[in-house]
Amino acid sequence: MKQRRENFRAFEYLIFALATLLTFVLCVSLGSVNKPFTETIVIIWNTILGLPIPDYISSPSIIASVRLPRVICVALVGASLSLCGAAMQGLLKNPLADGSTLGVSSGASLGAVIAIAFGITIPGIPFAGTVVMAMLFAFLSLVIILSLAYKLDYSLSTNTIILIGVIYSMFVSSVMSLIITFSADKVAHITFWTMGSLAGSSYKNALLLLAALVVCGSVIFCSARELNAFAIGEENARHIGVNVKRVKLIVLITVSALIGVCVSIGGTIGFVGLVVPHMVRMITGPNHKRLLPACLFGGAIFLMLCDLAARMLLSPLELPIGVVTSLIGALLFVYIFYKTRSAKR
Amino acid sequence: MRLMEGREITVSFGELTILDRVSFSLDENQWLMVIGPNGAGKSTLVNAISKGVPYTGAISYLGRDVNQCKPYELARRIGVLSQSHFVGYSFTVGEVVRLGRYAYSPGIFSKKQGDDEERVQKALTLTGLTALEHQSVMTLSGGELQRTFLAQVLAQDPKILILDEPTNHLDLVYQKQIFDLIAEWLKGEGRAAISVVHDLSLAKAYGTHALLLDRGKTVASGTIAEVFSPEHLDRAYSMDVYAWMRSKLGQWEN
């Protein structure tokens, strides 16, 4: 039996980082206008350093101000969503748990839909209306779900939380349909957005995502050992001295904040948080000290490739990224689920 | 030396009283067997001691109320072995056992203890799991899995071991292994154990003291000899326990 180390080794980080970087350059150079790799690298490098772009490169603005910020956002959203998924699956000891099963994603999108439908904005700060509303509703959903669960069941058991999450999601989607029915003029905008899209993302979006990922990601990384204990069993976690309720609250709040930010920028992009941790676990094993960092890279790679597919498959027509992730994700999920089930037998 | 004391512990869910003013005490090197028919409240009592259910009354360890202990402080004193486990992910045996040391470095910045690895290896050796250290827990048999969690609680190095029917689903071989291991562990300084046991013969063979419950109330408590009197057992189980045991054992004679 081969031995697995607890933590990630430097060269493992390097391999994951290289793969991510390679995918990144690939996704930036390919699209409606293809650029050679070398030119793409020059543009990325000069944009990051704020240098002027050499004259021999034609129409660099497509890369510098459209594709580059978009791919950065895609990578950050992918990393965030799969990190959240991994944390939820550990915490709730349920491989089917995810921001979407918990009801946080749908809560966040309801907030954003309200902001779009009723034109809620914060003067002076672009896209703040949707971001704030999405985060607010993600939090609110969490409070509702947790307080309902707490009323039913003192120990906040995972089954109760997931069941209430599913019921809550259904409720939210019906409210959303209601709002969409009454704001006919914005249907196209809202539907496209609920299907998930990162087209038109800006550097400001990327900065916000990065900040959220750094803050929330650190909290989740610091909870790796507790997540291991939860993944083995909540009761066992309590027995070995984990402050079960506190850890659960911290992780749930952090995850919902991060999902709130992602949803407000990219809409609901399903299956990323469900599928990526599954695939990564096959390489790293279930120990969160290895799983969480690997999920960051894996999530970024997965979503960047999905975004590439969304842009290229029916070019010049562009698919919403959520449609692509759901298509790939659902198929992969069935495969993984089937494989793990038959392995158990 | 008095290690633990529980006074008038009551557990209710709404109108329903599961445990009604049950008291117990535990001295050094004692093994207290909590016995009684189904629904007597045995598991609820050990759940209350490990803070798994809210209760009224007081439980103290060396004179200090356990409710005032932080979770990791409690875990350094009290270790719990449940009756069954289901691990959904393929953690290795070593990873599960190593988590037993959590209580000694619970914070992000708290240093790992120098003897962590030594204690983990010792627990693995004691439970005969050294060869399985890197194996996934999903591939283990019921007995191996239970020994994994026993190793975890031994690595945790508590003073009081709480066992909720630790050998419920296990074969005779494993029953003997686990009970012998705990009996050996108990000889250490400042240690004691409480276990919920269904099998009265096991309770009688290994226990030093017993607490007999029926429908949430104490029927008898004291040494094994005191509690295992025909009157007490007959009353709690509503049958002639001694006659039944003899007839069962009688089948083995000849």
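The values are calculated or read from the model by the stated rules, or taken from the named source; none is laboratory data. Because the structure is a prediction, the values reported are computed rather than measured. Glycine gets a Cβ as well: all are built from the backbone with ideal geometry, and neighbour counts include every protein chain shown.
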request  = Consider only pairs whose beta carbons are under 6 Å apart and that are at least six residues apart or on different chains; among these, list those whose first residue lies in the range B:38-53 and is at positive phi and whose second residue is surrounded by 19 or more Cβ atoms within 10 Å (Cβ to Cβ) and part of a loop (DSSP other than H, G, I, E, B).
outcome  = B:Gly41/B:Gly216
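Table: residues versus (1) within 14 Å of chain A (Cβ to nearest Cβ); (2) in a strand (DSSP E or B).
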| position | (1), (2) |
| --- | --- |
| B:Gly6 | no, yes |
| B:Ser12 | yes, yes |
| B:Asn38 | no, no |
| B:Val46 | yes, no |
message = Going by what's in this entry, would B:Thr148 be described as within 12 Å of chain A (Cβ to nearest Cβ), more than 30 Å from B:Leu26 (Cα to Cα) and touching a residue at least 40 places away in the same chain (Cβ under 8 Å)?
response = no
key: Check on A:Ala257, surrounded by 20 or more Cβ atoms within 10 Å (Cβ to Cβ) and touching a Cys at 6+ places or on another chain (Cβ under 9 Å)   = yes
task = Output the residues belonging to the range B:48-83 that are farther than 26 Å from B:Arg101 by Cβ and either at pLDDT 90 or above or more than 9 Å from chain A (Cβ to nearest Cβ) (or both).
result = B:Tyr55, B:Thr56, B:Gly57, B:Ala58, B:Gly63
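Okay, residues lined up against (1) closer than 24 Å to A:Leu317 by Cα; (2) under 24 Å from the mean Cα position of the chain (by Cα); (3) within 14 Å of chain B (Cβ to nearest Cβ); (4) without any contact (Cβ under 8 Å) to a residue 12 or more places away in the chain:
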| site | (1), (2), (3), (4) |
| --- | --- |
| A:Thr20 | no, yes, no, no |
| A:Val25 | yes, yes, no, no |
| A:Asn34 | yes, no, no, yes |
| A:Ile53 | no, no, no, yes |
| A:Arg67 | yes, yes, no, no |
task = Consider A:Ser315 carefully, then state whether it is polar (S, T, N, Q), within 19 Å of A:Gly99 (Cα to Cα) and either touching a residue at least 40 places away in the same chain (Cβ under 8 Å) or part of a loop (DSSP other than H, G, I, E, B) (or both).
result = no
ask   = Can you tell me which of A:Gly165, A:Gly200 is exposed (fewer than 13 other Cβ atoms within 10 Å of the Cβ) and more than 14 Å from every other protein chain (Cβ to nearest Cβ)?
value = A:Gly200
ask   = Could we say that B:Gly190 is on the phi > 0 side of the Ramachandran plot, in a loop (DSSP other than H, G, I, E, B) and either surrounded by 14 or more Cβ atoms within 10 Å (Cβ to Cβ) or touching a residue at least 24 places away in the same chain (Cβ under 8 Å) (or both) here?
value = yes
task = Answer yes or no: is there a residue in the range A:42-65 that is touching a Ser or Thr at 6+ places or on another chain (Cβ under 9 Å), modelled with pLDDT of 85 or more and part of a helix (DSSP H, G or I).
result = no
inquiry  = Being hydroxyl-bearing (Ser, Thr, Tyr) and under 20 Å from B:Ser84 (Cα atoms) is the filter here; which residues of the range B:161-203 pass it?
reply    = B:Thr167, B:Tyr174, B:Ser195
note = In the range B:95-117, anything at pLDDT 90 or above and more than 9 Å from chain A (Cβ to nearest Cβ) is listed as B:Val97
inquiry  = Here is a list: B:Ser90, B:Ser60. Which entry is hydroxyl-bearing (Ser, Thr, Tyr), in contact (Cβ under 8 Å) with a residue 12 or more places away in the chain and part of a loop (DSSP other than H, G, I, E, B)?
reply    = B:Ser90
inquiry  = Can you pull out every residue in the range B:59-73 that is over 19 Å from the mean Cα position of the chain (by Cα) and of a type outside the set (S, T, N, Q)?
reply    = B:Gly63, B:Arg64, B:Asp65, B:Cys69, B:Lys70
inquiry  = Need the failing condition index for B:Gly143 against (1) surrounded by fewer than 18 Cβ atoms within 10 Å (Cβ to Cβ); (2) out of contact with any Leu (no Cβ under 7 Å at 6 or more places or on another chain); (3) closer than 29 Å to A:Glu235 by Cβ, just the number.
reply    = (2)
task = Among the residues of the range A:86-108, count how many are touching a Gly at 6+ places or on another chain (Cβ under 7 Å) and more than 14 Å from every other protein chain (Cβ to nearest Cβ).
result = 8
query = Hey, does the range B:43-55 have a residue that's over 23 Å from B:Gln152 (Cβ atoms) and surrounded by fewer than 16 Cβ atoms within 10 Å (Cβ to Cβ)?
reply = yes
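Taking the options B:Gln135, B:Gln177, name whichever one is crowded, with 17+ Cβ neighbours inside 10 Å and within 13 Å of chain A (Cβ to nearest Cβ).
B:Gln135
Condition check ((1) without any contact (Cβ under 8 Å) to a residue 60 or more places away in the chain; (2) under 17 Å from B:Leu211 (Cα atoms)) across all residues:
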{"residue": "B:Gly6", "(1), (2)": "yes, yes"}
{"residue": "B:Leu16", "(1), (2)": "yes, no"}
{"residue": "B:Val34", "(1), (2)": "no, yes"}
{"residue": "B:Asp65", "(1), (2)": "yes, no"}
{"residue": "B:Ala75", "(1), (2)": "no, no"}
{"residue": "B:His85", "(1), (2)": "no, no"}
{"residue": "B:Arg98", "(1), (2)": "yes, no"}
query = From the list A:Ala237, A:Ala224, which one is within 14 Å of chain B (Cβ to nearest Cβ), surrounded by fewer than 24 Cβ atoms within 10 Å (Cβ to Cβ) and modelled with pLDDT of 90 or more?
reply = A:Ala224
